[in-house]
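The structure under discussion appears below in the form of structure tokens.
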Amino acid sequence: MKKLLLILALAIPTFQLSAQTETPVIPVDEATKLITYQKVVNVEAKKDELFNKAIGWINGYYANPSGVTKKRDLASGLIEGVARFDLMVKDAKGVESKVGVVEYKLTLNLKDTKYRYTLSEFVYKQASKFPCEKWLDTTAPGYQPAYADYLNALDTFANGLIADMTAKIEEKEVKKNDEW
């Protein structure tokens, strides 16, 4: 009996840690009702320079950049593609594990002195497509507390991608003086 009480005492805090995960504020587009990370960024550069920097970032960030980007149009300043990432969550003990794959659409619109990035159409890949927006409805009959962890992982990934992308696109070029 004492062993059973000890096991329960140790297990209860573990379950509480998992259930206490806070759901981040996830941006949802008013018109489409889809999870959408989007921002217009002003930067001192011409469209062609921004396009080249964006392609350079894509080539360095993705393992298969030509497989990710479906459209690279310099004339219109449009880059579109579909990519995916491993959905990683930590359990109550802090052990990270893969729970699935999320696919998303990446769009970059580039103009002189500004660009706009859009991450949208997040889909949890299963036997059939499962829109990630379903993780937001805590009142749905099939809602699971693990969805809060999934949303945290999605938000962490999206914000990390955005930070990496904006740093590379907005990076100032250092001109080398080659006179000797």
Task: Peptide ranges 102-115, 70-83 listed from the most packed, as the mean C-beta count within 10 angstrom indicates - done: 102-115, 70-83
Task: Lys pairs, the range 53-155 - Cα-Cα below 24 angstrom, 8 or more residues apart or on other chains - done: 27
Task: Nearby aspartates and glutamates by direct alpha-carbon distance to K172 (threshold 16 angstrom, same-chain neighbours under 8 apart not counted) - done: E44, D48, E49, D112, D164
Task: Ranked by how many other beta carbons lie within 10 Å on average, peptides 26-34, 157-165 from highest - done: 157-165, 26-34
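If we count every other residue with Cβ under 15 angstrom of E103's Cβ, Lys/Arg +1 and Asp/Glu -1, where does the sum land?
Values: positive: K70, R84, K98, K105, K125, K129, K134; negative: E80, D86, E121, E133.
Once all neighbours under 15 Å are counted, the net charge is +3.
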TODO: Give the long-range amide H neighbours of G100: residues separated by 5 or more places, or on another chain, with amide H under 5 Å away, using H modelled in the peptide plane at 1.01 Å from N.
DONE: L87
Task: Dipole in debye (nearest 20) - the range 23-169, about Cα centre, beta carbon charges: Lys, Arg +1; Asp, Glu -1 - done: 320 debye
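Ranked from highest to lowest mean number of other Cβ atoms within 10 Å per residue, what is the order of the peptides 147-156, 41-50, 132-141? Mind dumping the intermediate values first?
Numbers: 147-156: 19.4, 41-50: 15.1, 132-141: 13.1.
With the highest mean Cβ count within 10 Å placed first, the list reads 147-156, 41-50, 132-141.
Every number here is computed from the coordinates shown, using simple stated rules; none is lab data. A quick note: this is a predicted structure, and the numbers were derived from the prediction, not measured. All Cβ positions, even for glycine, are placed from backbone atoms using ideal geometry, and neighbour counts span all protein chains on display.
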